[in-house]
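Visitor: What follows is a single structure, and I will ask about it in a moment.
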2 protein chains.
Amino acid sequence: MANYPTSETDRRIDAAALVDICKMIFTACKMNSEDAALLSDSLVHADLRGVHSHGVMRIPDYVHKLTVGGVNPIAAPTVLSHKKGAIVVDGNNNMGQIGASFAMDAAIGAAAENGIALVALRGSNHCGALDWFTLRAAEQGMIGIVGSNALPTMAPVGGRDKIVGMNPISIAIPGANEAPVVLDLAFGATAHGKIRVYHQKGLPIPDGWAFDANGEPTTDATIALSGLVQPAGGHKGIALAMMVGMLSTILSGAHYGTGLGDMVDGPIAGNDGQFFIAIDIAAFRPLAAFGADVDDIVSEIHNSARRDPNNALLVPGEMERQYEQDYAVDGILLPGLTLDDIKATGLKLGLDATQLAAV
Amino acid sequence: MANYPTSETDRRIDAAALVDICKMIFTACKMNSEDAALLSDSLVHADLRGVHSHGVMRIPDYVHKLTVGGVNPIAAPTVLSHKKGAIVVDGNNNMGQIGASFAMDAAIGAAAENGIALVALRGSNHCGALDWFTLRAAEQGMIGIVGSNALPTMAPVGGRDKIVGMNPISIAIPGANEAPVVLDLAFGATAHGKIRVYHQKGLPIPDGWAFDANGEPTTDATIALSGLVQPAGGHKGIALAMMVGMLSTILSGAHYGTGLGDMVDGPIAGNDGQFFIAIDIAAFRPLAAFGADVDDIVSEIHNSARRDPNNALLVPGEMERQYEQDYAVDGILLPGLTLDDIKATGLKLGLDATQLAAV
């Protein structure tokens, strides 16, 4: 998860109230109520877990996509083919979350029959935080593995052209008494948006984040923005990003990398792709025995020696879960700017100020 | 792949002659001829691809495992359960390659029926280079994804205890006219053996490779050896390593991390585990269309701008393939010490000098 700076303009908002406002906004974009609810839940899920980059700050962009950006708010996903554990779904160019939610459910259903299933999704768009899908598998006693193609921001090893995406992956593995262990990461050393934050503040970026346009390391945020994001883990990150991108696209005929678009003009609506794997643990081993092993692995980390005695050791997904628990009670802490943008977007769509009072 | 220093003592040896010697050695350890051939092919495959860390330099260690180390050279793998795409195999404590080869073939067979299959392997041991398995899937028009548990050499983020393995993964994706794109990597910033090489030479190790026993970065090779290997990509590498380790072990009841053993006493024979996923591309999309997309992705990288005009841009697995093509013609270049060790091991097992003439 990402840590975000807080400021005096931050305000707290109740998660359920935020979901309601999202639903009104997406319904005003012609989505049906069920799809609007899915999309809203995906965004607020990310904010609840402190991953604001994939939360409601996306609303202005999403509304743009839905109204003038070429995304079809009324399309329903369709199954193009289904052979036991192998399913191809077309999202038919609705928001990514709609096709992806359908695809994850299809993977879970087929895994219950076949032990494991993979759904390849085409006709998709940006589908939000991937752990929203993998955690759904974990709730069903399954392992979820989901990957997505992304706009290219990196170069191949030794290269200068922006042709490799950070292509994120999420994996969730359920415990017995412990919460699922869940990772959700992309293969950039940093997010593109973080470089923009440093740029706005006129600060140099940390070493290791970016290359200039010639592929040389830079700490100048301006140069970095016209250059390349460095991969996480060097050539290993580039190789993994390529694999996740290929698994996300070419099994279904979606568009890999530069076929999705570029960072200047953005993604081409409906060209994106994702993959969804569900593994039914009970088909391999009793779920309770598996879950007990997960709990032991979590405990081993919790009880191991700390570098700083004051910092508890966490497993992947645990920090996000702590945010989720706190924010569910105290309300989600969001920048005033984000909430103002949502209000302005809602008013432009014809909602009235009373409906938007909570933001 | 790893680059190794060459020296005046390096000698070239014909791959087929090397396989023959390996087979004689493993047969002398009581393996049957079929298993000895598999194990030999795995090792020489790695050397042919320039990945000598997983090649015949392992022979003295493997012979130790087979003769006095507790590995059972005559055990045959057995299927513990098989439900459509979900299979559990017990390697019954023969060398890892034997159970793993059986498991990969089972995954390929089940994927042909179900579109995708996962085989979880228990009762296993070190199974050599993982791309030996994933490339077998690629040859059958399938995507292969294989991971392994490994001895813990890293700490959790913010920790000091050696409880996370580098847990390698390989993914192979077949092209049409292009060779498969294949990665095979572990989640350490470096291999433990590389730190030993620097230590032997009395050189400082590069920044970013290791932590001392307190989890602080060090470039002192001696301190690094009693400390911790750094992960590739920081917390992302640790999270991915944990996931690969869990997928490799707890679906079958194999032993994760510290349950496998430690770097001082080595792995406990028969405790290791791996996972093997095969994805039948034709169940999703015509193989020719898929392969053409892979070829396009490879071409895009080959034709993209280079940082250094003299250095061609390669896709994952391509450098290893170039080694393979060169070494197949010219013979494999190996350190004299490695070949001397093989000869000494063979003589100790009762082979005569004529049989070992090629090394």
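Visitor: Could you grab me the full set of residues in region A:215-269 that are surrounded by fewer than 24 Cβ atoms within 10 Å (Cβ to Cβ), more than 13 Å from chain B (Cβ to nearest Cβ) and over 20 Å from the mean Cα position of the chain (by Cα)?
Guide: A:T218, A:T219, A:D220, A:A221, A:T222, A:I223, A:L225, A:S226, A:V264, A:D265
Visitor: Are any residues in region B:270-297 buried (at least 22 other Cβ atoms within 10 Å of the Cβ) and aliphatic (A, V, I, L, M), and if so, which ones?
Guide: B:I277, B:A278, B:I279, B:I281, B:A283, B:V294, B:I297
Visitor: Additional query: Filter region B:276-303 for residues that are of a type in the set (D, E, K, R) and in contact (Cβ under 8 Å) with a residue 24 or more places away in the chain; which is farthest from B:H82 (Cα to Cα)?
Guide: Residue satisfying both the conditions and the ranking: B:D295.
Condition check ((1) buried (at least 21 other Cβ atoms within 10 Å of the Cβ); (2) not hydroxyl-bearing (S, T, Y)) across all residues:
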{"site": "A:I143", "(1), (2)": "yes, yes"}
{"site": "A:G147", "(1), (2)": "yes, yes"}
{"site": "A:I163", "(1), (2)": "yes, yes"}
{"site": "A:M166", "(1), (2)": "yes, yes"}
{"site": "A:S170", "(1), (2)": "yes, no"}
{"site": "A:L183", "(1), (2)": "yes, yes"}
{"site": "A:G188", "(1), (2)": "yes, yes"}
{"site": "A:H192", "(1), (2)": "no, yes"}
{"site": "A:R196", "(1), (2)": "no, yes"}
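Visitor: Name the residues in region B:1-18 that are at pLDDT 95 or above and under 20 Å from the mean Cα position of the chain (by Cα), would you?
Guide: Once the filter is applied, which keeps residues that are at pLDDT 95 or above and under 20 Å from the mean Cα position of the chain (by Cα), region B:1-18 yields B:A15, B:L18.
Visitor: Please state which of the following conditions B:K83 fails to meet, knowing it meets all the rest: (1) in the same structural domain as B:I169 (by TED's automatic domain parsing); (2) in contact with a Cys (Cβ under 7 Å, 6 or more places away or on another chain).
Guide: For B:K83, the failing item is (2).
Visitor: Would you please name the residue that is surrounded by the most Cβ atoms within 10 Å (Cβ to Cβ), looking only at residues in region B:61-100 that are basic (K, R) and within 14 Å of chain A (Cβ to nearest Cβ)?
Guide: B:K84
Visitor: Could you pull out the residue among A:T345, A:T354, A:T338 that is more than 25 Å from A:S7 (Cβ to Cβ) and either among the polar types (S, T, N, Q) or outside the structural domain of A:H54 (by TED's automatic domain parsing) (or both)?
Guide: Only one candidate qualifies: A:T354.
Visitor: Name, by its number, the condition in (1) part of a helix (DSSP H, G or I); (2) of a type in the set (V, I, T); (3) within 11 Å of another protein chain (Cβ to nearest Cβ) that does not hold for A:T345.
Guide: Condition (3) is where A:T345 drops out.
Visitor: Which condition number does A:G350 fail, the rest of (1) in a helix (DSSP H, G or I); (2) more than 10 Å from chain B (Cβ to nearest Cβ); (3) modelled with pLDDT of 95 or more; (4) surrounded by fewer than 17 Cβ atoms within 10 Å (Cβ to Cβ) being met?
Guide: (1)
Residues checked against (1) in contact (Cβ under 8 Å) with a residue 40 or more places away in the chain; (2) part of a strand (DSSP E or B); (3) more than 15 Å from the chain's Cα centre (by Cα):
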residue: B:D20; (1), (2), (3): yes, no, yes
residue: B:F26; (1), (2), (3): yes, no, yes
residue: B:K30; (1), (2), (3): yes, no, yes
residue: B:L43; (1), (2), (3): yes, no, no
residue: B:G50; (1), (2), (3): yes, no, no
residue: B:H64; (1), (2), (3): no, no, yes
residue: B:V71; (1), (2), (3): yes, no, yes
residue: B:S81; (1), (2), (3): no, yes, yes
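Visitor: Do we find a residue being part of a loop (DSSP other than H, G, I, E, B) and among the basic types (K, R) anywhere in region B:130-153?
Guide: For region B:130-153, residues part of a loop (DSSP other than H, G, I, E, B) and among the basic types (K, R): absent.
Visitor: Taking region A:304-327, which residues are facing chain B (nearest Cβ under 9 Å) and free of Cβ contacts under 8 Å to residues at least 40 places away in the same chain?
Guide: A:S304, A:A305, A:R306, A:R307, A:D308, A:N311, A:A312, A:L313, A:L314, listed by residue number.
Visitor: When residues of region A:101-160 are filtered for being among the charged types (D, E, K, R), within 11 Å of chain B (Cβ to nearest Cβ) and within 24 Å of A:G188 (Cα to Cα), how many remain?
Guide: 2
Visitor: Does region A:197-211 hold any residues that are farther than 17 Å from A:I238 by Cα and either assigned to a loop (DSSP other than H, G, I, E, B) or not polar (S, T, N, Q) (or both), and which are they?
Guide: Within region A:197-211, A:V197, A:Y198, A:H199, A:K201, A:G202, A:L203, A:P204, A:I205, A:P206, A:D207 qualify.
The values are calculated or read from the model by the stated rules, or taken from the named source; none is laboratory data. This structure is a prediction, so every number in the text was calculated from the model and none was measured. Don't worry about glycine lacking a Cβ; one is built from the backbone with ideal geometry, like all the others, and counts go over all protein chains shown.
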